[in-house]
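Down below is the structure, laid out as structure tokens.
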Amino acid sequence: MNEAAVSLGSDAAKLIEKAKKQRRTKNLIKGLLFLLPSLVFFSIFLFYPMIRTVYLSFFLTNASGAPTVFVGLDNFAQIFSSPLFLKSLKTTFLFVLYTVPGTIVISLFLAVIANEKLRGIGMFRTIFSSTMGISVAAASVFWMFLFHPTMGWLNQFLSIFGVEAIGWLTDPKWALLSVSISTIWMNIGFTFLILLGGLQSIDSYLYESADIDGAGYFYKLRRITIPMLSPTLFFVVTVTLINAFQTFGQVDMLTRGGPQNETSVIVYSIYRDAFVNYQYGTASAQAVILFVIILGLTLLQFKLGERKVHYQ
Amino acid sequence: MTMPFYKKVVLYLLLSVSAFFIFAPAIMALLMSFMPGEQILTGTIIPKSFTLEHYRQAFERFPLLSYLTNSLLVSLLIMAGQLLLSSLAAYAFVFLEFKGRDALFFLFIATMMIPFEASIIPNFQTIRDLNFLNTYTGLSLPFFAMAFGTFLLRQNFKQIPKELKEASEIAGMGDLKFYLTVVLPVAKTSLVTLGVYGFLSAWNMYLWPLLATTDDSVRTVQIGLKQLQSQEQLNEWGVIMAGGIIVVLPTLILLFLGQKKLQKGLTEGALK
Amino acid sequence: MSYIELSNVSKSYDKQRSVLNGIDVSIEKGEFFVLVGPSGSGKSTLLRLIAGLEEITGGELHMNGKVINHLPPKDRHLSMVFQNYALYPHLTVEQNILFGLNAKKVDKKEQKQRLHKTAEMMGLTELLKRKPRQLSGGQRQRVALARSVVSEAPLCLMDEPLSNLDAKLRAHMRMEIRQLQKKLGLTMVYVTHDQVEAMTMGDRIMVLNDGKVQQVGKPIELYNKPANLFVASFIGSPKMNMGRAVIKGQQLVIEESLFIPVKAADVIDIPKNKRLIAGIRAEHLFKGTSEEKTHVLDVINVEQLGNETMVTFEVGGEFWTAKWLGQQIVHTGDRVPVQLSVEHMSFFDADTGKLIKAASSLKQKEGVAI
């Protein structure tokens, strides 16, 4: 009887094993089917282009962008010896330096004052988040007039105090700063919205218990709000940083990279090389540099973030 | 707890001044779009009289209406594609268990590190070689797959009790049917959030439509605005501003309607 | 042949963390079978293995004599009620109840018939058009039950279905589920962490701890003859009083502070001079009088419940609780006379925790009751 049980057992075991395997295969196929559309589109429009960009960066190309002559690292050597590209790198970093802290500080300030429970606060929140709904093109048009040398509100305002008119977009000293100011304004809406969401998700008990302990406004801000907000801040900094490196629209509309290439950020430089000068090889080399910068920054952020960010 | 009076005053003061600065450019554009040309040229701030002339001219001299339709169609197409692809992928990550799922999820995270701008040259060539330049397809196809949307929906799907899936398994319901009849209706709110976000981003896109359109038939309203700005004479600021207002009106309305949901949804998607 | 049989069933995750080990049990048709144990004991996992929601790592699961390890849940002819009820929030009560029938493509006419019969039975007829969020906890629970009933599956699995209800409703639903099961002739496998629920509802109970079966039996068996220390302390409220004990000559010594004289005949099957654990139920720690007493103990706590009084004593390093009928006038700090006898005591091996001898008085009592 024992033997019979064993043999029955092994038959059943085989059946079970087979069924298990079948189910696993079925699950795998099912999972892949659900992911297939995304994977296909990622492959065509993200992974392939990335690889292709790296590939193109080793070639000279014809006017339609097909690779013709393999030149190895020549494209990279060329861009790094080109003052134009080096300038655009410097410009990009300066631009990031101007816009990221500016955006975060202003948005955080707005989020903190808009997080109070006051009558009519909803209206203020709507206004603060409104720039998210304003496209780069429209925002550029608005700011173009604000920056207008004679009619623009900024210079009109300055003239009240007898300050001489500034060539916001035409003076090489001011142009990058002007583009940065308009960019900060464009960024505020989204950043504000996310930070406000972060603030609202902080447990109100924390504040109540601090109130009982008699903590002051700024003490609470420093000891509760900022630490509890750190994951949100971390996210917002990452997004703003990456966006800053990818800036294109406002430069194209406001200054076209000028004056004297003062505002030619890296994406604009890529655009000009590829689609105006048809230098796809060097443009691709620049794109690779952009990719490396962003990859490096993201990884760095993750590494730093892991240590410093206070997750609940 | 009531706030001390002085604190209220200070807060309202800060809020009002900030609101003025944030809103000033948009208000300025709105005022200018209704302001007769001569007043703009003399640097008037508060208009002395109103006119619809600029709007009439904007529509007359530019195919604004067709630009608007193009933008609407492209944005809706992108939105629909993103919703479909993101929700399918998020479903797989939350409700299906299979080998390699975590590796694939990591792959999705990795896509966030590839900036679209850095891969724009081959993308342009792909769309060109497929003869998709100057088509709605070419304008929208590259944006269908979306890691952020997948994360946002995944976050939301995870809040659906696992027991719902198990109950449906016991009842003998397949995955596709469960996805369609349970997950999508239950996660309606987050789908709306993602839809609004996708629509906003698509409507406001600049670089890609600039590259992928060369004629008016499919040109989006953002590129139309660029044209308007670069072709107009300096004294036509009123027309440009009227164009700007027309461009931002749909998105601003959408934003005002969906602000609360958007804020909640985006915060959830952003943080694990 | 039993309806459901588990032989040597085990479950582990990632081939490492073992959750269930060597589970052998048979469940008969029409039986109300309760799986009880503390959280993390593996009881819910076992239920999910039976349901087919998780894969069995080792061993076999039989239903009607056939191996069903490999069958997906839908082919196992069962229904399940979840702790959180698993109601679809976007569907009405009616749609929720019919969810499974729809998935199985049952004929519309029959759906309607079954729906009305079930709704009437469960008292849900008025609520059919509502959404789950418009229902109270008890009503949701009823919808979940209705969904199970309407499926007409012969086997019903329940995973802590009452733990989200308040105490009063819970007591009522216990009775209702029990009646429903008998009326429909369902075979029920019911998971709970609450031993009262297990005792009051189950035809038979399986006690699980740490992924292993501790004991399977009728409620009274578990109470009277706990197979080991775990079952002894898990089943029954208040829990069984226990103390380290040893038999030295003619004396039973508990916690080195209670000395009870024993006759050789009473402790014939208990090894002498061996480390034991002695246990006694609260209701067997009788009240004594100044004339009739075996010991005097220090009271450290008194709980007046109205119809009975719980008195806690200190015995060596242990706290022992006595349950006395009526309202007793006892105060903390009093020294109170009690009656203790060996025949009410169960003895366990201190090293293995296994039962050596159950309280012998109970058999006589049972006899009297019959």
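The values are calculated or read from the model by the stated rules, or taken from the named source; none is laboratory data. Quick caveat: nothing in here was measured; it's all calculated off a predicted structure. For neighbour counting, all protein chains shown are included, and Cβ atoms are generated from backbone atoms with ideal geometry for every residue, glycine included. Ligands, DNA and RNA are stripped out before the accessible areas are found, and what is left, the full protein with its side chains, is counted by its heavy atoms. Shrake-Rupley method; radii C 1.70, N 1.55, O 1.52, S 1.80 Å.
Looking at segment C:112-120, can you tell me whether even one residue there is in contact (Cβ under 8 Å) with a residue 24 or more places away in the chain, open to solvent by less than 70 Å² (accessible area, probe 1.4 Å) and farther than 21 Å from residue C:183 by Cα? No, every residue in segment C:112-120 fails to be in contact (Cβ under 8 Å) with a residue 24 or more places away in the chain, open to solvent by less than 70 Å² (accessible area, probe 1.4 Å) and farther than 21 Å from residue C:183 by Cα.
So for segment C:165-177 (the condition being of a type outside the set (Ser, Thr, Tyr), outside any helix (DSSP H, G or I), open to solvent by 60 Å² or more (accessible area, probe 1.4 Å) and in the same structural domain as residue C:121 (by TED's automatic domain parsing)), does at least one residue qualify? The answer is yes; a qualifying residue exists.
Yes/no per residue for (1) more than 20 Å from residue A:267 (Cα to Cα); (2) aromatic (Phe, Trp, Tyr); (3) outside the structural domain of residue A:188 (by TED's automatic domain parsing); (4) not in a helix (DSSP H, G or I):
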| residue | (1), (2), (3), (4) |
| --- | --- |
| A:54 | no, no, yes, no |
| A:64 | no, no, yes, yes |
| A:86 | no, no, no, no |
| A:89 | no, no, no, no |
| A:98 | no, yes, no, no |
| A:106 | yes, no, no, no |
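Of all residues in segment A:109-137, those being farther than 24 Å from residue A:227 by Cα and either outside the structural domain of residue A:190 (by TED's automatic domain parsing) or within 20 Å of the chain's Cα centre (by Cα) (or both) number 8. Kindly establish whether residue B:71 is more than 7 Å from every other protein chain (Cβ to nearest Cβ), open to solvent by less than 20 Å² (accessible area, probe 1.4 Å), within 23 Å of residue B:187 (Cβ to Cβ) and in contact (Cβ under 8 Å) with a residue 24 or more places away in the chain. Spelling it out, it is not the case that residue B:71 is more than 7 Å from every other protein chain (Cβ to nearest Cβ), open to solvent by less than 20 Å² (accessible area, probe 1.4 Å), within 23 Å of residue B:187 (Cβ to Cβ) and in contact (Cβ under 8 Å) with a residue 24 or more places away in the chain.
In segment C:185-218, of all residues being among the hydrophobic types (A, V, I, L, M, F, W, C) and over 8 Å from the mean Cα position of the chain (by Cα), the one that is nearest to residue C:51 (Cα to Cα) corresponds to C:189.
Conditions tested, residue by residue: (1) part of a loop (DSSP other than H, G, I, E, B); (2) open to solvent by 80 Å² or more (accessible area, probe 1.4 Å); (3) on the phi > 0 side of the Ramachandran plot.
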| position | (1), (2), (3) |
| --- | --- |
| B:7 | no, no, no |
| B:13 | no, yes, no |
| B:19 | no, no, no |
| B:24 | no, no, no |
| B:32 | no, no, no |
| B:47 | yes, no, no |
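Counting only residues that are more than 8 Å from chain A (Cβ to nearest Cβ) and among the β-branched types (Val, Ile, Thr), segment B:95-145 holds 4 of them.
Per this entry, residue C:54 is counted among residues that are of a type in the set (D, E, K, R), on the phi < 0 side of the Ramachandran plot and more than 9 Å from every other protein chain (Cβ to nearest Cβ).
Total residues in segment A:242-260 satisfying the condition of being in contact (Cβ under 8 Å) with a residue 60 or more places away in the chain and surrounded by fewer than 19 Cβ atoms within 10 Å (Cβ to Cβ): the figure is 3.
Among the residues here, residue A:225 does not qualify as at pLDDT 90 or above and either of a type in the set (Val, Ile, Thr) or on the phi > 0 side of the Ramachandran plot (or both).
Give the residue that is nearest to residue B:139 (Cα to Cα), with candidates limited to residues of segment B:74-111 that are at pLDDT 95 or above and surrounded by fewer than 18 Cβ atoms within 10 Å (Cβ to Cβ). The selected residue is B:76.
Results for (1) farther than 30 Å from residue B:12 by Cα; (2) in contact with a helix residue (DSSP H, G or I) (Cβ under 7 Å, 6 or more places away or on another chain); (3) open to solvent by 30 Å² or more (accessible area, probe 1.4 Å), shown as yes or no for each residue.
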| residue | (1), (2), (3) |
| --- | --- |
| A:55 | yes, no, yes |
| A:70 | yes, no, yes |
| A:77 | yes, no, yes |
| A:93 | yes, no, yes |
| A:99 | no, yes, no |
| A:106 | no, yes, yes |
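Of A:233, A:176, A:221, all but one fail to be aliphatic (A, V, I, L, M) and either within 11 Å of chain B (Cβ to nearest Cβ) or in a loop (DSSP other than H, G, I, E, B) (or both); the exception is A:233. Of everything in segment B:34-45 that is outside any loop (DSSP other than H, G, I, E, B) and open to solvent by less than 70 Å² (accessible area, probe 1.4 Å), the residue that is nearest to the other protein chains (Cβ to nearest Cβ) is B:40. Within segment A:109-134, restricting attention to residues that are closer than 16 Å to residue B:262 by Cβ and open to solvent by less than 20 Å² (accessible area, probe 1.4 Å), the residue that is farthest from the other protein chains (Cβ to nearest Cβ) is A:111. Considering only residues that are at pLDDT 90 or above and within 13 Å of chain C (Cβ to nearest Cβ), look in segment A:1-29 and name the one that is farthest from residue B:97 (Cα to Cα). In this case the residue turns out to be A:26.
When segment B:118-137 is filtered for residues that are open to solvent by 30 Å² or more (accessible area, probe 1.4 Å) and either touching a residue at least 24 places away in the same chain (Cβ under 8 Å) or not basic (Lys, Arg) (or both), the ones remaining, listed by number, are B:129, B:130, B:131, B:132, B:133, B:134, B:135, B:136, B:137. Among residues of segment A:135-170 being of a type in the set (Phe, Trp, Tyr) and surrounded by fewer than 15 Cβ atoms within 10 Å (Cβ to Cβ), the one that is farthest from the other protein chains (Cβ to nearest Cβ) is A:161.
Residue check: is residue A:297 touching a helix residue (DSSP H, G or I) at 6+ places or on another chain (Cβ under 7 Å) and more than 10 Å from chain B (Cβ to nearest Cβ)? Criteria not met by residue A:297. Among residues of segment C:89-101 being without any contact (Cβ under 8 Å) to a residue 40 or more places away in the chain and not in a loop (DSSP other than H, G, I, E, B), the one that is farthest from the other protein chains (Cβ to nearest Cβ) is C:94.
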